[in-house]
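The values are calculated or read from the model by the stated rules, or taken from the named source; none is laboratory data. What you see is a predicted model, and the numbers here were worked out from it, not measured in a lab. Here Cβ is always computed from backbone atoms with ideal geometry, including for glycine, and neighbour counts include all displayed protein chains. Just the protein is used for accessible areas: all its heavy atoms, side chains included, with ligands, DNA and RNA removed. Shrake-Rupley method; radii C 1.70, N 1.55, O 1.52, S 1.80 Å.
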Amino acid sequence: MEVEAARRDAATLDPELLQLPELSPGALRENPGLAEALYSQWLALPETSKLVNSLIEDAKAGATLNVTGSSASTNAASSGSLPSMFPAGSAPPLSPRSTSGSPRVMRRGSGAGPSSLGSPLKVVSEPVREVIPQFYFKNGRPAPKDLKEQCLSRIDHLFFAGEGLQIQEFRSVTKDICKLPSFFSSVLFKKIDAAGSGTVTRDAFVDYWINDNKITMDTASQIFEILRKPGYNYLTQEDFKPVLKELLATHPGLEFLQGTPEFQERYAETVIYRIFYSINRAGNGHLTLRELKRGNLIAAMQQLDEEEDINKVLRYFSYEHFYVIYCKFWELDTDHDFLIDKENLIRYGNHSLTYRIVDRIFSQVPRKFTSMTEGKMGYEDFVYFILSEEDKSSEPSLEYWFKCIDLDGNGILTTTEMQFFYEEQLHRMECMAQEPVLFEDILCQMIDMIGPENECYFTLRDLKRCKLSGNIFNILFNLNKFMAFETRDPFLIRQERENPTLTEWDRFAHREYIRLSMEEDGEDASNGSGDVWDESLEAPF
């Protein structure tokens, strides 16, 4: 009975008797001495003494103690078990205990509201979810509404009669709507007209170009999708042949070849070989979308579509470049079986190459030959060779010759390997009554030129970092270019600096085309004078 009376007295106790100022929990944490003083004041109250004594008596008697936190209804029991400093019914709920046992850690979403005492602690709202827009589309990014409407308007204008377009009428669609080079017209037409009906309707074009999300792709991806065969994720040389066929039929700079279909085919092959030499860095004949994007073929095609003089498009498509490559091959192929052997290749560049480097080429270390005849190099193999030989500043060329010099294939060019190739150069200098340059001296010059990370050997990375690395290979196996480098003309150096956009291949092809054309003009003049003409020695053009 005394305990119940004490509890009733504590519930009706006026908080003002404690003479407590309004304090926030933060103030108590910052001043622990004040909290201890308040606790001592509470213990000094008569009601507190009675309650503590009654609890001690209950504990001695073995009775169940009704202490705050001992039951599930903690908040309900606490208001009647201890003297409260709040009026009856106005006490805020206690914080529920977390699974970790710390009263400071609260479960998210526990329902605890703001304190009725005006606590300075603010209720933290749930974090706002940031919606990340979709960035991957398996079938391409859908076209925005305004772009789609604009494109449909142009389509309606070209398909104005409601009927389909035939292949000769489709050129304007390719260039004006698709923004692709005009010589992709036939390939795109046949891609849409898969059934071969000879007509492309408006709905069929809209379904392919807009509904299939081709409109939002970049140009490289569009061309890749148009050229590649179904089920393949790469392009082959065969995929480019229809494009070159239409180019030969429509480009004004190639009209003069209309009467020579054989050389049309050779031109197309040469262009395709040059494309794969420069862009297909894996060298497997499978041109991927990534390789297509990293190369400069798309820009060259766009320039070709706007330029009537095809010889101004130096990348891949120049007819003069094709003429030089083909004539060089024709000169070496004495029996004109379209194959050349070691003895033929050793005559290249006025016998400029050493026998040892020619042996390495025919061992197919830098590149496996495509010709089916053993010990013979085909036209495609020769294209790779001449591009590598005449422009040793390009990365494909550096990789080609690096494989040749790397005898053990361990990825480094050691002093022993370089000396092996230079020995023949040294012997040739002695035979030509030139002052020989010892290998030790030339090695110091090469190290100073390249500045390798380790002076004991050269890596491919070392060579790619240096603009003069092509001269290393000339020193090792091309005597004519080695001597030209040692006695280079300052006038030529100034010319190269005036035209930095021209590559070594561009300069070589220009010089050789002038020489070959002059030789052909001289032959024509001698033929006109009544001399007997031997058709077997006639130039291919």
Rounded to the angstrom and largest first, Cα extents along the principal axes for segment 428-471 equal 36, 18, 13
Segment 140-217 - accessible surface per residue (Å², probe 1.4 Å) = 53 Å²
Hey, with R₀ at 56 Å, roughly what FRET efficiency would Leu147 and Thr260 work out to, going by the Cβ-Cβ distance, to 0.05?
-> 0.80
Packing rank of 184-194, 433-443, where each peptide gets the mean count of other beta carbons within 10 Å, highest leading | 184-194, 433-443
How large is the accessible surface per residue of segment 400-487, computed with a 1.4 Å probe and reported in Å² as a whole number?
-> 50 Å²
Where a Cα-Cα gap under 21 Å defines reach, which lysines qualify for Lys190, not counting those fewer than 8 residues away within the same chain?
-> Lys175, Lys179, Lys214, Lys229, Lys241, Lys245
Over segment 140-217, what percent of the accessible surface lies on carbon and sulfur atoms, probe 1.4 Å?
-> 50 percent
For segment 403-413, in order, what is each residue's ³J(HN,Hα) by Karplus, 6.51 cos²θ - 1.76 cosθ + 1.60 with θ = phi - 60°, in whole Hz (x at glycine and Pro)?
-> 5, 5, 7, 6, 5, 9, x, 9, x, 9, 9
Grab the beta carbon distance between Phe420 and Glu130, set R0 = 60 Å, and tell me the FRET efficiency rounded to 0.05.
-> 0.40
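Just to confirm a number: summing +1 for Lys and Arg and -1 for Asp and Glu over residues other than Arg360 whose beta-carbon lies under 10 angstrom from that of Arg360, what do you get? Intermediate values should be presented prior to the final figure.
Details: positive: Arg356, Lys403; negative: Asp359, Asp406.
Around Arg360, the surrounding residues sum to 0.
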In segment 339-518, carbon and sulfur make up what percent of the accessible area (probe 1.4 Å)?
-> 53 percent
Could you name the lysines whose alpha carbon sits less than 22 Å from that of Lys481, not counting residues in the same chain fewer than 8 places away?
-> Lys328, Lys342, Lys392, Lys403, Lys464, Lys467
Karplus ³J(HN,Hα) for segment 454-467 (6.51 cos²θ - 1.76 cosθ + 1.60, θ = phi - 60°; Hz, whole; x = Gly/Pro) runs 10, 6, 7, 7, 10, 10, 4, 5, 4, 5, 6, 7, 10, 6
What GluC sites (Glu not before Pro) does segment 135-223 have in DSSP loop regions with at most 12 other beta carbons within 10 Å?
-> Glu163
So for R0 = 56 Å, FRET eff. of Val52-Phe137 from the Cβ-Cβ r, to 0.05, ends up at 0.15
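Contour minus end-to-end for Glu430 and Glu453, with contour as 0.36 nm per residue of separation and end-to-end as the Cα-Cα distance?
On the way: separation 23, 0.36 × 23 = 8.28 nm, distance 3.32 nm.
Result for the pair: 5.0 nm of gain on full extension.
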Karplus-derived 3J(HN,Hα), 6.51/-1.76/1.60, for each residue of segment 391-401, Hz, glycine and proline x | 9, 7, 8, 7, 5, x, 5, 4, 5, 4, 6
At the level of C-alpha centres, the distance separating segment 182-228 and segment 454-469, in angstrom, is 46 Å
Mind checking the full-extension length gain between Glu331 and Gln364? Use 0.36 nm per residue of separation minus the Cα-Cα distance, one decimal, nm.
-> 9.7 nm
Taking the simple approach of a point 7 Å from Cα along Cα-to-Cβ for both Ala484 and Asn296, what is their distance in nm?
-> 2.1 nm
For segment 308-368 and segment 244-271, write down the distance between their C-alpha centroids in whole Å.
-> 21 Å
Cross-link partners among lysines for Lys50, C-alpha distance below 16 Å, same-chain residues fewer than 8 apart left out?
-> Lys60
